[in-house]
1. Checking PRO66 against (1) touching a residue at least 12 places away in the same chain (Cβ under 8 Å); (2) part of a helix (DSSP H, G or I); (3) more than 30 Å from VAL168 (Cβ to Cβ); (4) not hydrophobic (A, V, I, L, M, F, W, C), which single condition isn't satisfied?
2. Give ARG363, ARG348 a once-over and let me know the one that is free of Cβ contacts under 8 Å to residues at least 24 places away in the same chain and either within 28 Å of ASP96 (Cα to Cα) or buried (at least 17 other Cβ atoms within 10 Å of the Cβ) (or both).
3. Which ranges mark the helices (runs of 4 or more DSSP H) fully within region 331-416 that have 2 or more residues being of a type outside the set (Phe, Trp, Tyr) and over 30 Å from ALA29 (Cα atoms)?
4. Being more than 23 Å from ASN421 (Cα to Cα), open to solvent by less than 10 Å² (accessible area, probe 1.4 Å) and of a type in the set (Val, Ile, Thr), is that true of even one residue in region 252-273?
5. Quick one: how many residues across region 369-427 are closer than 28 Å to ASN150 by Cα and polar (S, T, N, Q)?
6. So how many residues does region 117-128 have that are in contact with a Leu (Cβ under 6 Å, 6 or more places away or on another chain) and either of a type in the set (Gly, Ala, Ser) or assigned to a helix (DSSP H, G or I) (or both)?
7. Check every one of the strands (runs of 3 or more DSSP E) wholly within region 227-320 and list those with 3 or more residues that are under 19 Å from HIS148 (Cβ atoms) and either touching a Gly at 6+ places or on another chain (Cβ under 7 Å) or small (Gly, Ala, Ser) (or both).
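The values are calculated or read from the model by the stated rules, or taken from the named source; none is laboratory data. Just so you know, these numbers come straight off a predicted model, no measurement behind them. Please note: Cβ atoms are built from the backbone with ideal geometry, for glycine as well, and neighbour counts cover all protein chains shown. Accessible surface is based on the protein model in full, side chains and every heavy atom, while ligands, DNA and RNA are left aside. Shrake-Rupley method; radii C 1.70, N 1.55, O 1.52, S 1.80 Å.
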Amino acid sequence: MIHLPLSKDPGIFTHTTLSNGISIYYKQAEQLFGLPKIACCALVTVGGRDDPRGKEGTAHFFEHMPFRGTKHFPTLAELTQDIENNGGYVNAFTSDEVTGYEVIAPTSMIEGAIARVADMFLYPILRPEDIEIERSVILEELRNKHAHVNFFVRSKVMEGLLGNHPLVYATIGTEQALNSIAQEDLVAFHEKYYNSHNLTLFFTGDFKSDELLSHCETFFGSITHKGEKTERNLELKPHSIVEPVQTYTPSEYNRSVYALGRVLPKADLRIATILKLYTDMLTRGFTSPLYQEIREKRGLAYSMGMHAGIYQDLTLLMFTISTQYRYMDQVDTIAWEQMRAILSNDERFQEVKHSIKQSILHREYSVGSLNDEAVDDFQDYGRIIPLTEYVALLDSIQLQDVQDFIEPLLVKEEFLNIRVNCDRQGLSESTTTTENVE
């Protein structure tokens, strides 16, 4: 058991609210090296899954637009240059479920940093000429994603497992949808979702709390509840896997991939930790039994990985191996053998448990990474997880707990198996086929 002083726990944040009810999480922390900094993030509970049907990509498109100009920072240079020239940066991101606007800056620029985050949230200009330029940029980003077979694999896994669930639609959108998004669509999206219901603020750094809260009240205190609160309570309905084994032969890729996936109910912190232990036992590091069996002993694959994606109403377990199509039956046999055998390997369990704990305890927590960890926790669990709580939970989980949860899930017929055949042997044209389970 490792005892950590609560005063130094990087996962303990102070929570308060503004006069209009907006939640603020903040942590006063010194920069490990160099001059004092502050990390700011405005997290909006809206993402790709909230795009209007037929307008997929709207949330991500909108996230790009503040960099084209806001009310008080009408150009990209005015928004970013002063921050960048002083060692900071301005950034934004869109996921399936959230959008975030970030600034890291010297603490001496705290007012300007908060002002920029607020302006990106509240006052994007959305000039028609800027929308057209950014449309071209996003279409190029889409082409870059389509150049990678993993994007194709993920889309097929999501489609096969989730049917009509909104998570099936890629956050980046489609070319047809992106070309249809107009200024009025972006304005309507902003008016619907960018309100106090859906906003949470995060700050980490070397600042005075009263100064921070005063600036937040100035820039965010006037935001109203006008608009909708994003709901994340969709019932997880059973979706029938029509073809458990599906083979695709797209012509545009040069790497074949074997993938397994299944859907689970929303995972709480304990279940997510069990899944982390299991997936790491199976695929983490050069010494994992699966890696040894498939790559080191037989040379059947280059890379492999397994992870659990935590969403706000479900969990997606996904496993991929890059291997030639002619090896996939052999890889399938080995993978299923190892997925079951690893549950009896206590030595591997203890090794992975120790490794996860060490990676946490020896991580260098900058103000930026502290803020990122807080945002990630909030997105997954609706709260920030203290490090002491996570380490104690990790200590409490035994191999039997992993066995009890995982074993009932290892039913082959309940997994979707996607096989992407890009080996050029015997392929004369691009086809899409499906196979039945043998």
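1. All conditions pass for PRO66, except number (3).
2. Numbers: ARG348 fails: free of Cβ contacts under 8 Å to residues at least 24 places away in the same chain.
Matching residue, one of ARG363, ARG348: ARG363.
3. On the way: elements: 346-361, 367-381, 387-396, 399-406.
The qualifying helices (runs of 4 or more DSSP H) are 346-361, 399-406.
4. Taking every residue of region 252-273 in turn, at least one turns out to be more than 23 Å from ASN421 (Cα to Cα), open to solvent by less than 10 Å² (accessible area, probe 1.4 Å) and of a type in the set (Val, Ile, Thr).
5. 5
6. Filtering region 117-128 down to residues in contact with a Leu (Cβ under 6 Å, 6 or more places away or on another chain) leaves 126.
From the residues that got through so far, the ones that are either of a type in the set (Gly, Ala, Ser) or assigned to a helix (DSSP H, G or I) (or both) too are none.
So the answer is 0.
7. Numbers: elements: 245-249, 257-264, 301-310.
Once the strands (runs of 3 or more DSSP E) in region 227-320 are filtered for at least 3 residues that are under 19 Å from HIS148 (Cβ atoms) and either touching a Gly at 6+ places or on another chain (Cβ under 7 Å) or small (Gly, Ala, Ser) (or both), what remains is 301-310.
Residue-by-condition table, conditions (1) within 24 Å of the chain's Cα centre (by Cα); (2) at pLDDT below 95:
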residue: ALA118; (1), (2): yes, no
residue: PHE121; (1), (2): yes, no
residue: PRO124; (1), (2): no, no
residue: ASP130; (1), (2): no, no
residue: GLU134; (1), (2): yes, no
residue: LEU139; (1), (2): yes, no
residue: ALA147; (1), (2): yes, yes
residue: ASN150; (1), (2): yes, yes
residue: MET158; (1), (2): yes, yes
